[in-house]
Amino acid sequence: MLWRIDAASDEPLYAQLVAQAHLAAARGQLAPGDRLPTARELADSLDLNVHTVLKAYQQLRDEGLIELRRGRGAVVTARAAADLSPVEQALAVLVRVAREANLSTETLTVLVKEAMSR
Amino acid sequence: MTDRSWRAQARTLVLWSSLTSFALFAAAAAIAWSWRDDLPDPIASHWGTKAGAPDGFGSLSSLILGDTVLVVLLCALFSAIAWFWGVSAISRRMVAASNVWAGGFSASLLLFMVGPQRGLPDATQATLPGWAVAAAILLPLVPAVVAALLVRRDPPSPSTAPVAADAPRIALADGERAVWIRRADGGPGLIVGAIVMIAITLLVVWLRQWALLAVPVLLAAVFVATFAYTVRVDATGLTVRSLIGWPGTHVAADEVERASVTEVHPLRQFGGFGWRVGRGGRVGVVLRSGDGLLVEQSGGRSLVVTVDDAATGAALLNTLADRTHR
């Protein structure tokens with residue numbers, strides 16, 4: 001799968017990796033049983049500290065997307081193939097109404113974060 | 001690298017690897033010839049299913065002549081690949097190893113066949129033990145590997161033109177870093193490998209030549225090493241590496257002229273599966289038929305890897321190659 005890192009973004013680097021893994025799983029680019037690259041390989045390719053990648057992998061494990069097994073690396077779990085299409089449909093509606101209300105991306109993001117932490 | 005310089009390198013390589021091969025065989029033939037007074041006449045020249053019972057006989061000179069023809073034919077075949085299709089160093093490397101192995105194999109086999117017949121009153125008692133055949137196959141791998149290592153890598157040759165304008169790209173912001181990593185496997189490789197190994201093992205068991213088990217063991221190692229790869233596109237370019245770390249190859253981002261998706265027909269384009277040299281000197285890591293990632297490189301070189309989602313890999317490689325031209 002494709003991994004990208006935007007150092008200019010406000011989002012922490014590890015969180016960018018976490019979000020992309022979730023998206024890839026939702027879109028079928030990561031299937032249960034697939035193995036993620038080793039943390040070392042991903043860190044070298046993206047010019048990141050290996051601890052950044054490890055932090056992302058640990059969060060993905062805590063969220064149930066992957067299992068970290070000694071010797072086998074990071075393996076996508078059976079639970080990972082969650083169907084995100086209802087979320088994407090709701091998002092399309094949210095984005096439309098937010099534009100109608102002249103909300104900026106930043107404001108909408110703050111609202112979403114607030115709602116998620118409730 | 002210009003077209004002329006790879007041809008010059010290929011010619012030099014054909015010359016030294018063939019001469020090495022002939023020299024190895026000539027030395028073995030000279031040794032065998034020096035034994036001629038101690039040998040029965042005719043000598044045993046072929047064994048069927050029983051190591052202790054030869055089923056073919058001939059004179060020493062006809063055996064040497066037959067083996068000479070074999071070495072010359074094999075070297076001519078391998079050399080033709082380098083001569084016409086040796087544009088990539090990796091292809092020339094395979095040819096150098098194959099040439100030297102062919103000479104070494106014929107030399108060892110001749111010595112292992114003829115040596116034990118010294119002092120025999122009658123060639124029907126001659127034996128060809130399994131370990132001798134295994135050794136004749138395995139020993140020449142040593143000079144073959146040395147020959148492969150002697151072949152120089154292609155020197156860095158950044159492409160002078162920008163990446164083809166009509167090649168696919170992905171949207172990547174300035175300063176955004178990206179990597180595409182995908183596992184390449186599948187195809188008939190594992191099944192074919194398993195069948196070949198079981199067949200050879202059964203043959204070895206039937207012949208009761210236990211030393212020959214070294215051959216399926218070696219084949220197993222080769223199959224394990226060459227039938228699953230990690231394919232990676234990042235700022236350094238394209239890296240294809242076996243899951244166990246070897247073999248592998250790398251195309252530097254600044255040598256990419258165009259990356260694209262291509263339909264791979266293993267038999268028609270490459271004559272089979274695995275590491276291949278195909279038409280026009282295209283190097284192929286061919287594991288299955290279907291879509292593959294094609295990279296056209298500076299100096300007329302090209303590489304194909306059969307990998308899923310090659311479209312994303314090709315687009316990212318073009319995009320990252322663009323950055324090297326700024």
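Each reported figure results from applying straightforward, stated rules to the coordinates on display, with no laboratory input. All values derive from a computational prediction rather than experimental measurement. Note that each Cβ is placed from the backbone with ideal geometry, even for glycine, and that neighbours are counted across all protein chains shown.
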TODO: From the C-alpha gyration tensor of the range B:3-150, pull out the three semi-axes of the equivalent ellipsoid (sqrt of 5λ each), sorted largest to smallest, in whole Å.
DONE: 34, 14, 12
Open item on the list: What is the distance in Å between the Cα centroid of the range A:43-118 and that of the range B:151-189?
Closed with: 28
Task: Shielding score for B:181-188, defined as the mean number of other chain Cβ atoms within 10 Å - done: 2
Open item on the list: I'd like the projected area of the range A:13-80, averaged over all directions, using the convex hull of its alpha carbons. Report it in nm² with one decimal.
Closed with: 4.0
Open item on the list: Using a 10 Å cut-off around each Cβ of peptide A:34-43, what is the average number of partner chain Cβ atoms that fall inside?
Closed with: 3
Task: Size-normalised alpha-carbon gyration radius of chain B, reference 2.2 N^0.38 Å - done: 1.20
Open item on the list: Normalised radius of gyration for the protein assembly as shown, please: alpha carbon Rg relative to 2.2 N^0.38 Å, two decimal places.
Closed with: 1.29
